[in-house]
1. Filtering segment 400-449 down to residues that are acidic (Asp, Glu) and without any contact (Cβ under 8 Å) to a residue 40 or more places away in the chain, which residue is farthest from residue 510 (Cα to Cα)?
2. In segment 427-444, how many are loosely packed, with under 14 Cβ neighbours inside 10 Å and among the hydroxyl-bearing types (Ser, Thr, Tyr)?
3. If you check residue 234 against the conditions, is it of a type in the set (Lys, Arg) and touching a Gly at 6+ places or on another chain (Cβ under 9 Å)?
4. Being more than 16 Å from residue 95 (Cβ to Cβ) and surrounded by fewer than 17 Cβ atoms within 10 Å (Cβ to Cβ) is the requirement here; does residue 189 meet it?
5. If you check residue 486 against the conditions, is it over 30 Å from residue 114 (Cβ atoms), surrounded by fewer than 24 Cβ atoms within 10 Å (Cβ to Cβ) and out of contact with any Gly (no Cβ under 8 Å at 6 or more places or on another chain)?
6. Residues in segment 314-334 that are touching a residue at least 24 places away in the same chain (Cβ under 8 Å), in a strand (DSSP E or B) and not charged (D, E, K, R): how many?
7. Quick check on my filter: what residues within segment 373-388 are part of a helix (DSSP H, G or I) and either more than 26 Å from residue 332 (Cα to Cα) or touching a Ser or Thr at 6+ places or on another chain (Cβ under 8 Å) (or both)?
8. From 402, 389, 417, which residue is within 16 Å of residue 277 (Cα to Cα), within 20 Å of the chain's Cα centre (by Cα) and crowded, with 19+ Cβ neighbours inside 10 Å?
Amino acid sequence: ECFRLYSTIQRTKVSFEKQQTTMAMASLARRKAYLLTRNISTAPLRSSFSLSRGFASSGSDENDVVIIGGGPGGYVAAIKAAQLGLKTTCIEKRGALGGTCLNVGCIPSKALLHSSHMYHEAKHVFANHGVKVSSVEVDLPAMLAQKDTAVKNLTRGIEGLFKKNKVNYVKGYGKFLSPSEVSVETTDGETTVVKGKHIIVATGSDVKSLPGITIDEKKIVSSTGALSLSEIPKKLIVIGAGYIGLEMGSVWGRLGSEVTVVEFAADIVPSMDGEIRKQFQRSLEKQKMKFMLKTKVVGVDSSGDGVKLIVEPAEGGDQTTLEADVVLVSAGRSPFTSGLDLDKIGVETDKVGRILVNERFSTNVSGVYAIGDVIPGPMLAHKAEEDGVACVEFIAGKHGHVDYDKVPGVVYTYPEVASVGKTEEQLKKDGVSYRVGKFPFMANSRAKAIDTAEGLVKILADKETDKILGVHIMSPNAGELIHEAVLAINYDAASEDIARVCHAHPTMSEAIKEAAMATYDKPIHM
């Protein structure tokens, strides 16, 4: 009966105008429902200023919005604010826009991941496809130069967007004088005061240090130093089996380093779905990456030519000394609020230094807001961007929207791992009844044709309603494939909805369709 009803609806002809109206009304209803569940009024918000185009001609003029920090959250917030007609100034201490992500994080690491993968493919895979190369060598300076060029071009691109949208850009270190004034020590050695009706803190995060380990960015490096090593280390030890550590370990492992990952926890990437994680770890081990889990670092000696790392079991026991040319400290990140003088104006933070905000990103101090890595939530560049847009929409009297439960995460190794929504472990812990659908890329025609058939798609859906609760993908380009699932989860789609959508053949995306079919019924090709 349900299928007949579905078929009837599909055959019904509806005018384009009516479809558009219906979709718009549904979108508005979803957004209002979301806001109501968080006790946010759906009535039009009153702005404390009139909207007008323009930009600050100098840092001392009064602005509608001032953003401290020019990373993904800050620069996106600045552009969006200007697009909404607000006079906007962005303050950035680095002297180059894009923050950690663009300058020493997401972008340069992806450049090196791609370059090192190309080298690895040429050396180990090309011959399987009938492409013979007599000699393949690494030109490390050229590889690093390509990475630096990409970063430079992108930072200049953001400056161009600032000019296009009339955002005033102040290069310097900002700190609060009052809830409406920021003192800036500029990169030119001068001091100026930037005034604003609304000030957004978007200063991001910094590398989390470990007791007793001093990072010198030569032999003991953070992710920043790992992006610019002057030579390929024979032995590399990575402390921390999270996203960053595994990505940088992959880069240098492909280029020839012997990589050992030391992790205090029992698992790599603890937030990952357990079944996917096991397959992921096996894949990395096939690439000769070694793991020492449940292991604690108790000492380090870098006085000699290399580095000696003293470790012991996390629960205590005999100590072991590991030797390496370089040690990468990748134990997470901490919110960066140093020198902002938040305490001077009374902004509240939690015990780990994150700024506390409400649903509109407002702090306890009127007119002061915070977004991105300095507030609770996933420490991800794309989450910060969404924070920035939503925050300035609220400031402008509109409705902003970010749902942290529906933010995708990606590990950019090979294969990649991408996820959105709940893991199977979380659903079990929450007592949710669910169904699981899985489809391996070994049964996907495109993956087999191009000889990249490692991995799978896993879909979790509510047992009663079929609503998709989580999607996890391990495959090459999983970070691109995941967005079909992100869209589905954001619109509360069922697994059957994906299964009944025609997917082009042959594509890797067909594995998502097949996994959806496996969730509510049965797949075709397995």
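1. Step one: filter segment 400-449 for residues acidic (Asp, Glu), giving 403, 405, 416, 424-425, 430.
When the remaining residues are screened for being without any contact (Cβ under 8 Å) to a residue 40 or more places away in the chain, the result is 405, 430.
Numbers: 405: 25, 430: 31 Å.
If we take residues in segment 400-449 being acidic (Asp, Glu) and without any contact (Cβ under 8 Å) to a residue 40 or more places away in the chain, then 430 is farthest from residue 510 (Cα to Cα).
2. 1
3. Numbers: of a type in the set (Lys, Arg): yes; touching a Gly at 6+ places or on another chain (Cβ under 9 Å): yes.
Spelling it out, residue 234 is indeed of a type in the set (Lys, Arg) and touching a Gly at 6+ places or on another chain (Cβ under 9 Å).
4. Details: more than 16 Å from residue 95 (Cβ to Cβ): no; surrounded by fewer than 17 Cβ atoms within 10 Å (Cβ to Cβ): yes.
Criteria not met by residue 189.
5. Details: over 30 Å from residue 114 (Cβ atoms): no; surrounded by fewer than 24 Cβ atoms within 10 Å (Cβ to Cβ): yes; out of contact with any Gly (no Cβ under 8 Å at 6 or more places or on another chain): yes.
For residue 486, the condition - over 30 Å from residue 114 (Cβ atoms), surrounded by fewer than 24 Cβ atoms within 10 Å (Cβ to Cβ) and out of contact with any Gly (no Cβ under 8 Å at 6 or more places or on another chain) - is not met.
6. Taking segment 314-334 first, the residues touching a residue at least 24 places away in the same chain (Cβ under 8 Å) are 314, 322-334.
If we keep only those that are in a strand (DSSP E or B) as well, we get 322-324, 326-329, 333-334.
Those left that are additionally not charged (D, E, K, R): 322, 324, 326-329, 334.
Selection size over segment 314-334: 7.
7. Step one: of segment 373-388, the residues part of a helix (DSSP H, G or I) are 373-374, 381-388.
373, 374 - these are the residues of segment 373-388 that are part of a helix (DSSP H, G or I) and either more than 26 Å from residue 332 (Cα to Cα) or touching a Ser or Thr at 6+ places or on another chain (Cβ under 8 Å) (or both).
8. On the way: 402 fails: within 16 Å of residue 277 (Cα to Cα); 389 fails: within 16 Å of residue 277 (Cα to Cα).
Checking each option against the conditions leaves just 417.
The values are calculated or read from the model by the stated rules, or taken from the named source; none is laboratory data. Predicted model only: the values in this text are computed from it and were never measured. Glycine gets a Cβ as well: all are built from the backbone with ideal geometry, and neighbour counts include every protein chain shown. For accessibility, only protein heavy atoms count, side chains too; no ligands or nucleic acids. Shrake-Rupley method; radii C 1.70, N 1.55, O 1.52, S 1.80 Å.
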